[in-house]
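The values are calculated or read from the model by the stated rules, or taken from the named source; none is laboratory data. As the structure is a computational prediction, the values presented were derived from the model and not from experiment. Note: ideal-geometry Cβ built from the backbone for every residue, glycine included; neighbour counts use all protein chains shown. Heads up: the accessible areas ignore ligands, DNA and RNA and are worked out on the full protein's heavy atoms, side chains in. Shrake-Rupley method; radii C 1.70, N 1.55, O 1.52, S 1.80 Å.
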Amino acid sequence: MQFGSNDSLMSKRTSYQVFKDDVPTFHDRLVINFDLSLWDNQHLGYILNLTDDQGNSYSLSAIYNQGSFLNFNIDSRSNKLSIPLPDALLKRRKWFKVIVDLDLKDNKAGISVNGKWYRATGLGFTDKITAKITFGKNEHYSDVPNMAIKNLAVSNDDKAYTFPLSEWTGNDVFTDGSDNLGHVDNPSWLINESYFWKQKFMRTFNEVAGINFNEKNEQFFIFKSDSLIFYDAGRDVTGTKPFKDKLAVPLHLGKSIVNLKENKCYLYEVLRAPQPAPSIASFNLDSLTWDFYGKSTIMEQRHHHNIFYDKDFNNFYLFGGYGSFKYYNNFFKYDKATDTWQQQSFTGDRINPRFFSAASTADQNNDVYIFGGYGNQSGNQVVGGMHYYDLYRVNLGRHTIKKLWEIKPDEEAFVPANNLIVSKDKQFLYVLCYPHERPKTSLRLYKFSIKDGSYQIVSGTIPVVSERIETDHNLFYNAKQDVFYCTTQEFETPSRSTIKIFALTAPPVSQEAYMAAHEPPKRSFTLYRILGGASALVLLCGIVAFFLRRKKDEEEPIPVENEEAIIDEAEKTEADNKANAIYLLGEFTVYDKNKRDITYLFSPKIKQLFILILLNSREKNGVVSKKISTTLWPDKDVVKTKNIRGVTINHLRNILSDINGLELAFLNDTYSFIITEGFYCDYFVVRDSLKQSNGNEPAVFNNFDLVARGGLLQHIPEIWLDDFKQEYEEALMPIILPVIKKVYDALDYKKALEISRIVLSIDPFNDIGIKFKLKALRRTKGIEHARKIYEEFSAEYEKSLGEAYPVPFEKICSNKPDQR
């Protein structure tokens, strides 16, 4: 728990009462044990205050006066101990152990800081104390230093209270036995910083730029052709510095690697640049001068390859990537002396050709880990690809490769971001993973065991747009502050991109642990506490959902109006704000009874389970247990799925507890939803209108805002959904296709574009859809814009169907007036 300090208004400072009611009495001894993070070098502040029932007051305070000190005082009387603190301890998230040991019987005290003891006597204790224990602002003092605490324990030889301080929201503080004993005002629960990524930086560039991290000074830097933009992660500030000379390398992907030994950054392009332009350059991170240029290339583009130095920072290596319709698995070493990329040979296990793999930095043994990716055994894209979930250890000294394991994750397919982080104890790998085949996707941090590949998801999501292959994501770790950083670079065009930086405090929290923190206490002693706790949980869930929604809104770019995103905002807002609502058309979205977006609670497998039961509950009899297992876990024996199926169903029940009108029932080994008044599903509404229309368009277009959201579960490519999707599309298309011409002839080009977008989302090569899309674009954007869209459509048509699109652009769009 982090405290609101002297930097905050007095009313916003944190006060934590360890025992809010029924303050216990301790005989002979009282020990207060906690972990402290203290980073205040400006103020006097009170960490801990003890007040007994006789009016005596004792405090543990911190002051910075040409150095930092902890002081143990008899308040308003005397200072008993002054304990110096090394500057190395005074950092945010730098934890050290503090023990306050009060010997009531012998009237003395001991204070331990990281195992070093300091003693005091003559404190005026009696043999027992009924202590009101307060951290931060208290009844005597309002000064609070910049600090955080965790792992609090209060005990003597007869009794013990342990407070993990693992709450995620609210003002109640529970013991590890779920007893609600404490109260805190104005807390900042750090579990949220260890689960939810926080955006720290965002900027859009109209030229190709690259980003990297200098761990020595905790600075991210973004390089352009003429300058560097800095984000100082330690001080949370930004700045810009011009290069002394303009960069001579034409940037296409903007890839780079930092040499910590030389304190330089090498940026490179592997595709041949126009001669005589260089393809590799380095700049000094101190002087910002270019001191090396090279011209070597690898000939083919290598999208989403890996790059890493050897342990001595003598040479850097490139592995894998995609280009020229091929996946690659070869290694290249760049030799600066000869300005050449030299292909390297390795013995041992073979890594199949791939891109989208993740690689670590070289450790002291010169080992590099390479994980996952997408590719195939031959490397030829024409035969298709597969996702890899395997780990290899590559030794750059002995030139050997050892396959450590391969797993089959039980969830939606994903790939890792470029780089991975090895844990301090060398037991785990941290990797950012995401479904790369979805244009709107999300990153999450995974924690893999190096020993066997078992893993946990250990963060919330980072929403990203991945429309172009140049889009790039990276994971960094700031060891000085114990913080993970994610950088995303989303390309809108080959030269225009938006770069964002997100932070996550280590150690990250698993999805299971964070969700467990949402559970109500398992033990309670009065009806009042039960009702109060439940009410607080509902209210606080709403608060977190609100901030999650606001965070999402702040992080996602606002789209400009174009032919792919023309939706009436009034209609969209009205549709998206219904309570107890499930949206299956377009983006899968769920709102609870308080109109709060809780979509983030649905992991991929819970989402699949929910959709499977929901679609089979309307006009059908539900889904038997065996079908759930064979559908969601097709690679597992049905008997062995019983436990994981039960756990997933229990998670789903917990999530749906805040949605009225939808009850999960189980009868005769069959799961189904009982749907009652108040529940809303856009797909059910549109499907009912299609059945009632009998080919009559008005019934459907009364719900056009719902139809315009997109196809049925269009971003969820599960095979078992195909029948549902086909049935929906076959009912919708005969009604909306004839309408396009009517709308276009009525000069409503905006609606013609919108209907054509719906048609093409269902049938990407529909002649009527593309015809009226182009005609409407010519009227609204001009003939050159329409021609550009036609060329993109034709290229995709030929790529997918193996033949040229037969209708020329001039036949669809000419400069002649339309014949109506």
Failed item, numbered, when ALA358 is tested on (1) free of Cβ contacts under 8 Å to residues at least 40 places away in the same chain; (2) within 32 Å of the chain's Cα centre (by Cα):
(1)
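Residues are listed down the side, and each one gets a yes or a no for (1) out of contact with any His (no Cβ under 8 Å at 6 or more places or on another chain); (2) open to solvent by 60 Å² or more (accessible area, probe 1.4 Å):
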| position | (1), (2) |
| --- | --- |
| PRO250 | yes, no |
| CYS265 | yes, no |
| VAL270 | no, no |
| PRO276 | yes, yes |
| ILE280 | yes, no |
| TYR293 | yes, yes |
| SER296 | yes, no |
| ARG302 | yes, no |
Set VAL154, VAL173: member being closer than 26 Å to ASN6 by Cα and buried (at least 19 other Cβ atoms within 10 Å of the Cβ)
VAL173
Does region 737-755 contain at least one residue that is farther than 25 Å from SER689 by Cβ and among the acidic types (Asp, Glu)?
no
Filter result (in a loop (DSSP other than H, G, I, E, B), touching a strand residue (DSSP E or B) at 6+ places or on another chain (Cβ under 7 Å) and closer than 25 Å to GLU218 by Cα) within region 264-286
LEU285
Would a scan of region 219-230 turn up a residue that is in contact (Cβ under 8 Å) with a residue 60 or more places away in the chain, buried (at least 16 other Cβ atoms within 10 Å of the Cβ) and over 18 Å from ILE499 (Cβ atoms)?
no
Would you point out the residue of region 676-711, among those that are outside any helix (DSSP H, G or I) and at pLDDT 85 or above, that is surrounded by the most Cβ atoms within 10 Å (Cβ to Cβ)?
CYS681
Taking SER82 as the residue in question, decide whether it is of a type outside the set (Asp, Glu), over 20 Å from ARG13 (Cβ atoms) and not in a loop (DSSP other than H, G, I, E, B).
yes
Being in contact with a helix residue (DSSP H, G or I) (Cβ under 9 Å, 6 or more places away or on another chain), farther than 19 Å from ILE129 by Cα and open to solvent by 20 Å² or more (accessible area, probe 1.4 Å): is that true of ASN6 here?
no
I'd like to verify a number: residues in region 471-506 that are assigned to a loop (DSSP other than H, G, I, E, B) and either open to solvent by less than 10 Å² (accessible area, probe 1.4 Å) or in contact with a strand residue (DSSP E or B) (Cβ under 9 Å, 6 or more places away or on another chain) (or both), how many?
7
Assuming SER76 fulfils every condition listed in (1) on the phi > 0 side of the Ramachandran plot; (2) part of a strand (DSSP E or B) apart from one, which condition is it?
(2)
Given (1) in a helix (DSSP H, G or I); (2) open to solvent by 60 Å² or more (accessible area, probe 1.4 Å); (3) without any contact (Cβ under 8 Å) to a residue 60 or more places away in the chain; (4) touching a Ser or Thr at 6+ places or on another chain (Cβ under 9 Å), where does LYS799 come up short, assuming only one miss?
(4)
Here are the criteria: (1) open to solvent by less than 60 Å² (accessible area, probe 1.4 Å); (2) in a strand (DSSP E or B); (3) of a type in the set (Lys, Arg). Tell me which single one ARG93 does not satisfy.
(2)
May I ask you to list the residues in region 247-263 that are more than 21 Å from ILE499 (Cβ to Cβ) and either within 29 Å of the chain's Cα centre (by Cα) or at pLDDT 90 or above (or both)?
ASN259, LEU260, LYS261, GLU262, ASN263
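A quick yes/no check of all residues on (1) of a type outside the set (Phe, Trp, Tyr); (2) assigned to a strand (DSSP E or B); (3) at pLDDT 95 or above; (4) surrounded by fewer than 17 Cβ atoms within 10 Å (Cβ to Cβ):
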{"position": "LEU288", "(1), (2), (3), (4)": "yes, no, no, yes"}
{"position": "PHE319", "(1), (2), (3), (4)": "no, yes, yes, no"}
{"position": "TYR328", "(1), (2), (3), (4)": "no, yes, yes, no"}
{"position": "ILE351", "(1), (2), (3), (4)": "yes, no, yes, no"}
{"position": "TYR369", "(1), (2), (3), (4)": "no, yes, yes, no"}
{"position": "GLY372", "(1), (2), (3), (4)": "yes, yes, yes, no"}
The correct count of residues that are assigned to a loop (DSSP other than H, G, I, E, B) and within 26 Å of LYS200 (Cβ to Cβ) in region 239-257 is 5
Any chance VAL509 is crowded, with 21+ Cβ neighbours inside 10 Å and in a strand (DSSP E or B):
no
Only one of these is touching a His at 6+ places or on another chain (Cβ under 9 Å), basic (Lys, Arg) and open to solvent by 10 Å² or more (accessible area, probe 1.4 Å): LYS20, LYS12. Name it.
LYS20
Are any of the residues in region 638-652 within 25 Å of the chain's Cα centre (by Cα) and open to solvent by less than 10 Å² (accessible area, probe 1.4 Å)?
yes
Sort out which residues of region 607-628 are part of a helix (DSSP H, G or I) and either open to solvent by 20 Å² or more (accessible area, probe 1.4 Å) or over 19 Å from ASP722 (Cα atoms) (or both), and write them in order of number.
LYS607, SER625, LYS626, LYS627
Specify which of the listed residues (TYR528, TYR514) is modelled with pLDDT under 85, of a type in the set (Ser, Thr, Tyr) and open to solvent by less than 10 Å² (accessible area, probe 1.4 Å).
TYR514
Scanning region 333-349 for residues that are free of Cβ contacts under 8 Å to residues at least 24 places away in the same chain and either within 18 Å of VAL258 (Cα to Cα) or not polar (S, T, N, Q) (or both), which turns out most open to solvent (accessible area, probe 1.4 Å)?
ALA337
Do any residues in region 1-29 that are among the aromatic types (Phe, Trp, Tyr) have Cβ atoms under 6 Å from those of residues that are open to solvent by less than 10 Å² (accessible area, probe 1.4 Å) and outside any strand (DSSP E or B), where the two are at least six apart or on different chains, and which pairs are they?
PHE3/THR14; PHE3/VAL144
Determine whether region 746-768 contains at least one residue that is out of contact with any Gly (no Cβ under 9 Å at 6 or more places or on another chain), assigned to a helix (DSSP H, G or I), surrounded by fewer than 12 Cβ atoms within 10 Å (Cβ to Cβ) and among the basic types (Lys, Arg).
no
Being free of Cβ contacts under 8 Å to residues at least 40 places away in the same chain and either open to solvent by 70 Å² or more (accessible area, probe 1.4 Å) or over 48 Å from the mean Cα position of the chain (by Cα) (or both) is the filter here; which residues of region 96-110 pass it?
ASP106, ASN107, LYS108
Cβ-Cβ under 6 Å pairs, at least 6 apart or on other chains, region 131-158 side in a strand (DSSP E or B), far side of a type in the set (Gly, Ala, Ser)
GLY136/SER15; ALA148/SER37
Residue ID - least open to solvent (accessible area, probe 1.4 Å), chosen from residues in region 415-470 that are in a loop (DSSP other than H, G, I, E, B), touching a helix residue (DSSP H, G or I) at 6+ places or on another chain (Cβ under 9 Å) and not small (Gly, Ala, Ser):
VAL458
